[in-house]
Amino acid sequence: MEQRHLGRTGLRVSRIGLGTLTWGRDVDEHDAADMLKTFWEAGGTLVDTADVYGDGEAEYLLGQLMEGLVPRRDLVISTKAGSVPDPDRRFDGSRGHLLAALDASLARLGTDHVDVWHVHAYDPDTPLEETLHALDLAVSSGRARYAGVSNFCGWQLAKAATWQLAAPGPRTRLASTQLEYSLLQRGVEREVLPAALDLGIGLLPSSPLGRGVLTAKYRNATPPDSRGASEHLAPFVAPYLDDTATRIVDAVQTAADGLAVTPLQVALAWVRDRPGVAAPIVGARNAQQLTAALSVEALTLPDEICRALDDVSAPVHRYPDHDWSTL
């Protein structure tokens, strides 16, 4: 699998990443092992997790599998901290919480460092410089090799990255930002992606298949074994089952038919090769699904197909996101 630099750093990652959101909850140890081995054998390196996935079970399971299945040195492990199970405070970006969460993640993963450590979300109740100081301490102590943020909007990302570049003392440059990005969700193109491109930050798209909808599996009905039929994941899929999504999925299916490939391959190739994207993070239920996603490695979409998909999925950009002089 082709390797790409993560932002403006020397770290290289596989251009498709493996997500573990459902590990330890919907994905058991057997299927997780099959997927990790399949991913590694295909040349994949970037494995993404978080301390809250499966209430820590995803990290623990990944750590168990690294012991005897896949060499730790062959993987680029990315995890996140900052989300908390508190209805009154969804995010905790305090230095104390973040560093304690990192130590707990390392214990579950069974490693002395993670390759990329992300702040899971912006915490409006903690000074940003305090949150960023935790990243500096994590990297300077060797517990994390690189650092990034997740779910930061445009101004938050720009402020954080600029602070790290301009503040006095040794600072850790932001390597990456992780947000949802697909043909069904192009909101990052308004401000986040331009900021990331300007500041040399690599984008790691989550849900690159529109929470599974872009595979076209929901065109006629909801498969009983799909996330859309799952009690706890159905609300996650539901926003992308509207008329707008149907029109985009139909276009993806048409492109797939013309290229003799699958809708999954078309949708994933589109987001993988967008400017600024380092590696889409793909979540799968089993090795068969993952193999289908990894088969996109051999596909590059023709320019005319890309333009057609751009047009049908184009988000509405209004003042002041883009050139206001044309309004």
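The values are calculated or read from the model by the stated rules, or taken from the named source; none is laboratory data. These figures come from a predicted structure and were not determined experimentally. Because the Cβ atoms are built from the backbone with ideal geometry, glycine has one as well, and the counts that use them run over all protein chains shown. Side chains are part of the model used for accessible areas, which takes the heavy atoms of the whole protein and leaves out ligands, DNA and RNA. Shrake-Rupley method; radii C 1.70, N 1.55, O 1.52, S 1.80 Å.
When the residues of the stretch 191-210 are narrowed to those that are touching a Gly at 6+ places or on another chain (Cβ under 6 Å) and open to solvent by 30 Å² or more (accessible area, probe 1.4 Å), which ends up farthest from Arg272 (Cα to Cα)?
Looking at residues that are touching a Gly at 6+ places or on another chain (Cβ under 6 Å) and open to solvent by 30 Å² or more (accessible area, probe 1.4 Å), I get Glu191.
Kindly list the number of the only condition in (1) part of a strand (DSSP E or B); (2) under 14 Å from Ile77 (Cβ atoms); (3) not hydroxyl-bearing (Ser, Thr, Tyr) that fails for Ala58.
(1)
Inspect the stretch 212-222 for any residue being within 28 Å of Pro320 (Cβ to Cβ) and open to solvent by 30 Å² or more (accessible area, probe 1.4 Å) and give the result as yes or no.
The answer is no, given that none of the residues of the stretch 212-222 is within 28 Å of Pro320 (Cβ to Cβ) and open to solvent by 30 Å² or more (accessible area, probe 1.4 Å).
Looking at the stretch 112-123 only, could you name the residues that are open to solvent by 10 Å² or more (accessible area, probe 1.4 Å) and in contact with a helix residue (DSSP H, G or I) (Cβ under 6 Å, 6 or more places away or on another chain)?
Tyr122
Determine if the stretch 131-141 includes at least one residue that is hydroxyl-bearing (Ser, Thr, Tyr) and in a helix (DSSP H, G or I).
yes
I'd like the full set of residues that are in a loop (DSSP other than H, G, I, E, B), of a type in the set (A, V, I, L, M, F, W, C) and open to solvent by less than 20 Å² (accessible area, probe 1.4 Å), limited to the stretch 172-190.
Leu183
Could you please find all residues in the stretch 25-54 being free of Cβ contacts under 8 Å to residues at least 24 places away in the same chain and either over 22 Å from Val296 (Cβ atoms) or open to solvent by less than 20 Å² (accessible area, probe 1.4 Å) (or both)?
Asp28, His30
Looking at Leu109, Leu18, Leu98, Leu102, which is the one that is at pLDDT 95 or above and either within 16 Å of Leu204 (Cα to Cα) or among the basic types (Lys, Arg) (or both)?
None of the other options fit; the residue is Leu18.
What residue, among those in the stretch 71-82 that are surrounded by 20 or more Cβ atoms within 10 Å (Cβ to Cβ) and touching a helix residue (DSSP H, G or I) at 6+ places or on another chain (Cβ under 9 Å), is nearest to Arg145 (Cα to Cα)?
Residue satisfying both the conditions and the ranking: Ile77.
Do you know which of the residues in the stretch 209-230 that are part of a loop (DSSP other than H, G, I, E, B) and charged (D, E, K, R) is farthest from Leu184 (Cα to Cα)?
Per the criteria, the residue is Asp225.
Given the residues Gln265, Gln253, Gln288, which is the only one that is crowded, with 22+ Cβ neighbours inside 10 Å and not charged (D, E, K, R)?
It is Gln265.
Sort out which residues of the stretch 1-17 are farther than 18 Å from Val149 by Cα, open to solvent by less than 30 Å² (accessible area, probe 1.4 Å) and part of a strand (DSSP E or B), and write them in order of number.
Ser14
Out of Thr326, Thr300, Thr254, report the one residue that is of a type in the set (S, T, N, Q), farther than 30 Å from Val47 by Cβ and at pLDDT 95 or above.
Thr254
Within the stretch 233-247, identify whether any single residue is buried (at least 23 other Cβ atoms within 10 Å of the Cβ), of a type outside the set (Ser, Thr, Tyr), out of contact with any Lys or Arg (no Cβ under 8 Å at 6 or more places or on another chain) and touching a residue at least 40 places away in the same chain (Cβ under 8 Å), and answer yes or no.
No - not one qualifying residue is present in the stretch 233-247.
Of all residues in the stretch 93-110, how many are part of a loop (DSSP other than H, G, I, E, B) and crowded, with 19+ Cβ neighbours inside 10 Å?
1
When only residues in the stretch 195-208 that are in contact with a strand residue (DSSP E or B) (Cβ under 6 Å, 6 or more places away or on another chain) and not in a strand (DSSP E or B) count, which is nearest to His118 (Cα to Cα)?
Checking each candidate, the answer is Ile201.
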